[in-house]
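Contents: one structure, followed by commentary.
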Amino acid sequence: MAVNGDTVLVAPGTYSENLDFLGKAITVTSGAHDYADAGATILNGVGKSPTVWFHKGETHASILNGFTIQNGQTTAIDIEAGPTISNNDVVDNANCALVIAGASASPLIQNNRIARTTLPKTGSQSCSSSTAGVVRGVGVNVVHAGSDVILSRNLIEANVGSDTGGSIGAAILALQTSSLTLQNNTIRNNIGPNGVGLFARDVVKLALIQNLIYGNESLVRDPQGGTYPGGIAGVEIDHDPYLNLPETVEVVGNTIRSEEHTSELQSRQY
C-alpha cells in the first residue's frame, strides 16, 4: 500500500520475513540513527531468498534504515539497483552479507556494521545474484556493478571466508565494476585466503579515501611461511591483462596496519 515518499516506521520486534521494495521510493526505518541502536528491530532471514531485495530500479530515495539483519542463509541484502542502506547491523549471516551486482547497481552504503558473516567450510558457496551468478566474497560483493557504488563510514569486521570454498575478499570483493568509492570505512579482523580486507580486480575507477584497515588475516601461506598478497595488509588490487580496462586507482590518506608493520598510503593516482 505504500506510495513514493512514504515512511514505513517499524516497531521494535523480531520479524521473520523477506522484504522487496518493489521499486518504490520509500523509507523503511526503525528510527535508529546508528547501527549501534538497531538491535531492537530485527529482520530474520527466511529460506534461501535474500532477506532484503532491491531489483526494480530503486534509487537513493529508497531507504532501508536502522535494522539488525541476521540469519540469512544466502544473501542478507541483494542490490541490483541504487538504494540507500544506512545505520543497519548486518550480522551473523551465512554465505554473504551484501551482493551489489549488475549495470543498474549504484547504491549508497553508509554507517552500517557488516560483521560475522561466515562461509561454510563444506560444499560450494551458495551466495549468488540473478545478474552476477555465484559470487565468492563474504562480507560485501561488488560484481559487474554500474557507476558510483559508494561505501562510506561502515565497520566491516570479523567476516570469515574458507580456503576450501573458493572465497576471496572476506571483507570486500570487487570485480569488473565501473566505479567504487571506499571512504572512511574501518575494515578489521576479517579472515580468508587472500585479498582479505579488499580484493579488487578490473575496477575501472577505484577510490580508497581515509580508510582504516587492520588485523586482517590470510588463511593461505606461501612456501617461505609468509602470507600471499593481501594477507597481511589486507588489500590486493590487480587486473586481468586480457581485458585492457582503463583503470584508475586513487589512494588518499589511508592507514593499513598489521602486527608486522604500519604504513601510511600517501595520495597517489595512477
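Bear in mind that the values in this text are calculations on the coordinates, not laboratory data. Every value quoted in this text rests on a predicted model; they were computed, and no experiment measured them. Because the Cβ atoms are built from the backbone with ideal geometry, glycine has one as well, and the counts that use them run over all protein chains shown.
For every other residue with a beta carbon closer than 10 angstrom to the beta carbon of F54, add +1 if it is Lys or Arg and -1 if Asp or Glu, then tell me the sum. Please list the in-between numbers first.
Working: positive: K56; negative: D20, E58, D78, E80.
Computed value for this residue: -3.
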Within the P(r) computed for the range 43-187, what percentage of the Cα pairs occupies the region above 19 Å? 42
In vacuo Debye scattering of the range 135-196, one point per C-alpha: log10 I(q)/I(0) at q = 0.17, 0.27, 0.29 Å⁻¹? -0.54, -1.12, -1.19
Mind grabbing the base-10 log of I(q)/I(0) for the range 1-104 at q = 0.14 Å⁻¹? Debye formula, identical points on the C-alpha positions, no solvent, two decimal places. -0.47
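Counting only DSSP beta bridges with both residues in the range 1-155, tell me the antiparallel percent, nearest 5. Walk me through the intermediate numbers first.
Details: 2 of 44 bridges.
Bridges in the range 1-155 that DSSP calls antiparallel: roughly 5 percent.
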